[in-house]
Amino acid sequence: MTIRIALFSLVLCVNWFGPLSLAADDRCLPTPPDALGPFYKPSVPLRDNTGTGLVIEGTVVTTGSCEAIAGARVEWWQTAATGLYDDEHRGALLTDGEGRYRIETDFPPPYSGRPSHIHFKVFAPGHRTLTTQVYPVMGQRVILFDFILVP
């Protein structure tokens, strides 16, 4: 099942089933930030796979014009099946020439009262660094998620 997640404001997160359609005025609103958390580590290895069973893919674009950002660095980290953070579930990649990224990882378990989530940090020259989280739904295998950065 493919669920497209769109974030419209800091307080609203809606799961859309099927294609995402937005009015022209709502296109490319910035992705809301979310907590960094205490487990971020810089300088993680470049790779696009930290497990199997959950694919997250999308495009990194700039606000307003919706122009794709080639070469943006997308970093992620999450817990292992044990509910503990480990280096095997950390990775980074660079977006392709059309701003696209695709990672495959394990489905993160809920832990300590927190829902399943994956942390992301996205860097692009000339744009503010984005720190956010993606919240997969149990049984979800594919997430389409665009990161929209502010210049």
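Numbers below:
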{"quantity": "For peptides 60-67, 110-117, sequence by mean Cβ density within 10 Å, most packed first", "calculated": "60-67, 110-117"}
{"quantity": "Sequence-distant residues sharing a close amide H with residue 142 (under 5 Å, placed H)", "calculated": "3, 55"}
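Here, each number is a calculation from the coordinates, and none is a lab measurement. Quick caveat: nothing in here was measured; it's all calculated off a predicted structure. Neighbour counts run over all protein chains shown; Cβ positions are idealised from the backbone, glycine included.
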